[in-house]
Each structure stands twice: as C-alpha cells, then as structure tokens.
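Engineer: Have a look at this one.
The values are calculated or read from the model by the stated rules, or taken from the named source; none is laboratory data. Since the model is a prediction, treat every value here as computed from it, not as a measurement. FYI the Cβ positions are ideal-geometry reconstructions off the backbone, even for glycines, and counts take in every protein chain you see.
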Amino acid sequence: MSKYFGTDGFRGKAGVDLTARHAFLTGRFLGHHYAALHTGDKARIVIGKDTRRSSYMYESALAAGITSSGCDAYLLHVTTTPCVSYITRTESFDCGVMISASHNPYYDNGIKLMNGEGEKMDDDLQDEIERYIDGDLPEIPWATEDKIGCTVDFYSGRNRYIGYLTSLATRPFDRCKVALDCANGSAWMIGGAVFNALGAKTSVINAQPDGVNINTGCGSTHIEGLQQYVRENHMDVGFAFDGDADRCLAVDERGQVVNGDKIMYIVAKYMKEHGQLTTNTVVTTVMSNFGLYKALDRLGIAYEKTAVGDRYVYENMKQNGHLIGGEQSGHVIFRKFAHTGDGLITAIMLMDVMMATQLPLSVLAQDVTMYPQVLKNVRVDDKDGTLADPAVQKAVDECTARLGDNGRVLLRKSGTEPVLRVMAEAGSDAECEANVDAIIAAMEASGHLIEVKK
C-alpha cells in the first residue's frame, strides 16, 4: 500500500497530511524526471487547480519545484480535473497535475498526477516520488542558467477545453431550462459557459467560490439544494458537480435524483438502440446497484464489475475496448471522448439523449428500480483471515441463496482501514438489514469482530 498516493492521488488535510513541502518535492521529482527525457526542447507540465484557498499555495510550490528542476510549468489556473486530462493529451504535455480533493471539504486538498495521455499516473512512478519525498533517493540537482524552467500562463487552455465540450453535442439544447450546481468549485465558470453556448436556458447556482465554501452544502454530495431549485423554478433538468467536476449527478423535472447508475443505463440504452455500443457492455464497480444489473439484463446489455475506484473502471474499459463505465456516485467515463470521468461530458451526453428522444428525464430513468441498500463498516482483527473464515463464507453463501434473483450481498475490504464493508441489496430495508446482520453475527461468533463502526 502506498504511503501518500492512493487510487486518486495524494490527498489529506492541507498543511497537515499534505504540505507545501510535499508539493514542492513532487514538483522537483516530476521536473527532473521529464527533463531527463528531453534532449533539446524543454519538458512541459500543465497544472490546474480547484477553488480551495490552499490550492494557490500548492500551485506555487509545484511550479517552483518543476521549474527549479529544469522543466516548464504551464498554469491553467482554476479548472476541472477532466480539463487537465484533455489538455495534457491533446497539447502534448509530458505530464498533467490537478490540485484538488474532489468532493472533500475545503480544508482537505490533493495532488492528482496524470501521464502524457491524460490517464492516472502509473503506480511505479508515484512510488518513486514517495521515495524521493521521504529522502530515500539521491538529491536532485538544481537547474541553473538557461536550464531553469519557465512558468507560463496557459489560461487559453481552458477555452480550448470549452470549445471541445461544445463540439460534442449533436443538437442544440435551446428547448431546455437547465440548472447547474457548480459546488463553488472548478466548474463555476466553465459549466455556465458550455451550456449557454449550447443554447440552454441556463441557471447556475453555487458559483461564488470564496476559497472555503467548495462543496459546503452544495454540489453532488449535497444535492438536496438543487432538487429544491429545480422544483421551485420549474426547470427541465438539473446537474450537480463535485469540487473538481469529474462527477455529475442529475435531477429530473420532478426534483428526483438520477444517479450514476441510472445515467449509465439511459445513455447505454440509447447507444445500443443506435448501434453505438460496440462491445454491448457497461463497466461498473462492485458497488453499482442490483437494480442497474436487472435493467441491463432486460435490455440484453452485458456488464463487467471492477474494484471500487474509477481508475479500475477506466483500466477495464481501455483493455477491453468498452465505451461507457462508471460509478453510482456520478463518476462516469465516456472513453470515446475522455480518459477520465468528466461531469460536463456526462451532462452533455444525458442532454443529448433527452433532446433526441424528446422525453423528460423522469421517463428515461423509470426503467431502473434502485434496490434498497444497507452498508455497514465492520472493524475486524484480520481482514483476509475473516474473509477466509469458513463460517463467514457460509453466512455469505446462505444469504446469497436466500436472496436468489431478488438481491445480493457483498463483503469487501477497505483499502485504508482494518475494516470490512458488509453490504446487502434486497426488496426492503428490513431484508437488507437482516442479511447484513447475519454476516456480522458470523464474524462475531468466529472471534473476528472488534466493532461495528458508526
């Protein structure tokens, strides 16, 4: 397990878990690494950030580290994670860096690293960065004279990304009243610009970032505000983004949430009907709702399940040629258009289906019945030992048999804690609770249980 970089970058409380020193040393390593790969022209790294107050500190620290090692740093300033990914791959940058803690509170922050294709950086290279941060690698030489890199204002990159997004829609949105909740984050300017350009009657809320209000009572993690706004203002649809706009949840004209599972279903169904779903497969994580799988079965669309994390979804899609995949949280990837989840692309794809079918979102989403779900986090003495315990395995098998085709149970490890996650989906909350408790009881009887976390 990595010390600093997880499946979605280096993330933690700003000034505590993630300091300016960490950012500077990360920049030093990246600048040196990519400069060494160039013999003539300078290596180039592009940096974007969200609206957190600490993002400005990390931007300066990263740029100082990069340029002091002989590489040029291009600053996109406040933009989205998928914008950094797009610009990295289309403008031939060696590396992309996004400063964001996504949907976390403002006092957290993070550093997300991307390779030259705009994909998440390889674990091996991130491990090398960790070793450098901890002083386990030789000191990197300082660039001098004309070898010192430049810091370049690259505001124009955001405009290129906006132009790209507007090119993806196949028809104008001029018949729709659209509400956007930008979470006081990265999409606060871009979101409105894109939907206005596509002709929508756009209303934007939570687009007044002050450095400390990102994700606070708004955005995809607090979607109730958008639900109320859509109902009260009679909007046709609403879209809620997270802090760095790589996620999108929708709200239909009745104010009901349409989550990532339903979004994937709606777009995959449309793609299949029009011969665009070339592999006839949707990629999900193991946490997608049982109701999605039942709905896909009725359509004859196959699905694959990966470990939790958009990184694993994308890797599966790339390896097998699949075009759509994602998570219930709204992190949806359209691989034909992006190498990462992109909340704005997700909104555009959903709008395209609405415009093409001339159906309201509530009707498009009605075929997916979300099953009640109960999830409990259980602290145990040994995660692998508990999973391998025959009594626990028997309890899981019995619950699975009891639910049959009307639900499922899932037992999986946390990647960061000595915790197992016990989940059940069934026809009622009570049935879910009973199955989860049966598995936990087996853990307790076998002596593995320490506590059920609140």
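Engineer: Of all residues in region 40-51 being in a loop (DSSP other than H, G, I, E, B) and within 25 Å of the chain's Cα centre (by Cα), which is surrounded by the most Cβ atoms within 10 Å (Cβ to Cβ)?
Structural biologist: The residue in question is Asp50.
Engineer: Does Leu420 satisfy the criteria of being at pLDDT below 95 and farther than 28 Å from Ala245 by Cβ?
Structural biologist: Criteria met by Leu420.
Engineer: Something else about it: If you take the residues of region 335-374 that are touching a residue at least 60 places away in the same chain (Cβ under 8 Å) and surrounded by fewer than 17 Cβ atoms within 10 Å (Cβ to Cβ), which of them is nearest to Ala250 (Cα to Cα)?
Structural biologist: Here the residue is Ser362.
Engineer: Does region 249-260 include one or more residues that are under 19 Å from Val308 (Cα atoms), in contact with a His (Cβ under 8 Å, 6 or more places away or on another chain) and polar (S, T, N, Q)?
Structural biologist: no
Engineer: Take Tyr132 and tell me if it is surrounded by 14 or more Cβ atoms within 10 Å (Cβ to Cβ), hydroxyl-bearing (Ser, Thr, Tyr) and closer than 23 Å to Cys83 by Cβ.
Structural biologist: No, not satisfied.
Engineer: Within the group Leu180, Leu165, which residue is buried (at least 22 other Cβ atoms within 10 Å of the Cβ) and in a strand (DSSP E or B)?
Structural biologist: Just a single option satisfies the conditions, and that option is Leu180.
Engineer: Given the conditions (1) of a type in the set (Ser, Thr, Tyr); (2) closer than 20 Å to Asn109 by Cα; (3) surrounded by fewer than 24 Cβ atoms within 10 Å (Cβ to Cβ), and given that Thr67 satisfies all but one, which numbered condition is not satisfied?
Structural biologist: Against the list (1) of a type in the set (Ser, Thr, Tyr); (2) closer than 20 Å to Asn109 by Cα; (3) surrounded by fewer than 24 Cβ atoms within 10 Å (Cβ to Cβ), Thr67 comes up short only on (2).
Engineer: Moving on. Exactly one of these conditions fails for Phe337: (1) of a type outside the set (S, T, N, Q); (2) within 30 Å of Cys176 (Cα to Cα); (3) not in a loop (DSSP other than H, G, I, E, B). Give me its number.
Structural biologist: Going through (1) of a type outside the set (S, T, N, Q); (2) within 30 Å of Cys176 (Cα to Cα); (3) not in a loop (DSSP other than H, G, I, E, B) one by one, Phe337 breaks only (3).
Engineer: Further question on the same structure: Check off (1) more than 21 Å from the chain's Cα centre (by Cα); (2) in a loop (DSSP other than H, G, I, E, B); (3) among the polar types (S, T, N, Q) for Thr216 and give me the number that stays unchecked.
Structural biologist: Status for Thr216: all satisfied but (1).
Engineer: Right, something else. State whether one or more residues within region 397-409 are closer than 30 Å to Cys83 by Cα and within 25 Å of the chain's Cα centre (by Cα).
Structural biologist: No, the conditions are met nowhere in region 397-409.
Engineer: Out of (1) loosely packed, with under 15 Cβ neighbours inside 10 Å; (2) at pLDDT 95 or above; (3) more than 24 Å from Asp8 (Cα to Cα), the odd one out for Asp381 is which?
Structural biologist: Condition not satisfied by Asp381: (2).
Engineer: Being surrounded by 15 or more Cβ atoms within 10 Å (Cβ to Cβ), of a type in the set (A, V, I, L, M, F, W, C) and touching a strand residue (DSSP E or B) at 6+ places or on another chain (Cβ under 6 Å) is true for just one of Ile439, Ile450. Which residue is that?
Structural biologist: One residue alone meets the criteria, Ile439.
Engineer: Could you grab me the full set of residues in region 230-240 that are within 11 Å of Ala179 (Cα to Cα) and either free of Cβ contacts under 8 Å to residues at least 40 places away in the same chain or crowded, with 19+ Cβ neighbours inside 10 Å (or both)?
Structural biologist: Those that are within 11 Å of Ala179 (Cα to Cα) and either free of Cβ contacts under 8 Å to residues at least 40 places away in the same chain or crowded, with 19+ Cβ neighbours inside 10 Å (or both): Val230, Arg231, Met235, Asp236, Val237, Gly238, Phe239, Ala240.
Engineer: Search region 408-436 for residues being surrounded by 15 or more Cβ atoms within 10 Å (Cβ to Cβ) and among the charged types (D, E, K, R), and hand back the single one that is nearest to Asp397 (Cα to Cα).
Structural biologist: Arg408
Engineer: So which residues in region 396-407 are surrounded by fewer than 18 Cβ atoms within 10 Å (Cβ to Cβ), among the β-branched types (Val, Ile, Thr) and in contact (Cβ under 8 Å) with a residue 40 or more places away in the chain?
Structural biologist: First, pick out the residues of region 396-407 that are surrounded by fewer than 18 Cβ atoms within 10 Å (Cβ to Cβ): 397-398, 400-402, 404-406.
Imposing the further condition that a residue be among the β-branched types (Val, Ile, Thr) reduces the set to 400.
Those that are surrounded by fewer than 18 Cβ atoms within 10 Å (Cβ to Cβ), among the β-branched types (Val, Ile, Thr) and in contact (Cβ under 8 Å) with a residue 40 or more places away in the chain: none in region 396-407.
Engineer: OK, next. Checking the structure you have, find out if any residue of region 56-76 is at pLDDT 95 or above and touching an Asp or Glu at 6+ places or on another chain (Cβ under 7 Å).
Structural biologist: yes
Engineer: Being part of a strand (DSSP E or B), of a type in the set (Gly, Ala, Ser) and either assigned by TED's automatic domain parsing to the domain that holds Glu417 or touching an Asp or Glu at 6+ places or on another chain (Cβ under 9 Å) (or both) is the filter here, so list the residues in region 7-36 that pass it.
Structural biologist: Gly12, Ala14
Engineer: Shifting gears a bit: Please determine whether any residue of region 250-261 is in contact with a Leu (Cβ under 7 Å, 6 or more places away or on another chain), under 24 Å from Ser102 (Cβ atoms), modelled with pLDDT of 95 or more and surrounded by fewer than 21 Cβ atoms within 10 Å (Cβ to Cβ).
Structural biologist: Yes, because at least one residue in region 250-261 is in contact with a Leu (Cβ under 7 Å, 6 or more places away or on another chain), under 24 Å from Ser102 (Cβ atoms), modelled with pLDDT of 95 or more and surrounded by fewer than 21 Cβ atoms within 10 Å (Cβ to Cβ).
Engineer: Residue check: is Gly211 in contact with a Lys or Arg (Cβ under 6 Å, 6 or more places away or on another chain) and under 25 Å from Glu327 (Cβ atoms)?
Structural biologist: When the stated conditions are applied, Gly211 does not pass them.
Engineer: Condition first: buried (at least 24 other Cβ atoms within 10 Å of the Cβ) and more than 21 Å from Arg247 (Cα to Cα). Now tell me which residues in region 75-94 satisfy that.
Structural biologist: The one that is buried (at least 24 other Cβ atoms within 10 Å of the Cβ) and more than 21 Å from Arg247 (Cα to Cα): Phe93.
Engineer: With the structure loaded, tell me whether Ala302 is modelled with pLDDT under 95 and surrounded by fewer than 17 Cβ atoms within 10 Å (Cβ to Cβ) or whether it fails that test.
Structural biologist: When the stated conditions are applied, Ala302 does not pass them.
Engineer: Do we find that Asp389 is outside the structural domain of Ser288 (by TED's automatic domain parsing) and free of Cβ contacts under 8 Å to residues at least 24 places away in the same chain in this structure?
Structural biologist: No.
Engineer: Before we move on, is Leu37 crowded, with 18+ Cβ neighbours inside 10 Å and either among the hydrophobic types (A, V, I, L, M, F, W, C) or in contact (Cβ under 8 Å) with a residue 40 or more places away in the chain (or both)?
Structural biologist: Answer is no for this residue.
Engineer: Here's something else I'd like to know. Grab the strands (runs of 3 or more DSSP E) fully contained in region 52-141, keeping just those with 3 or more residues being over 21 Å from the mean Cα position of the chain (by Cα).
Structural biologist: Hits in region 52-141: 72-78.
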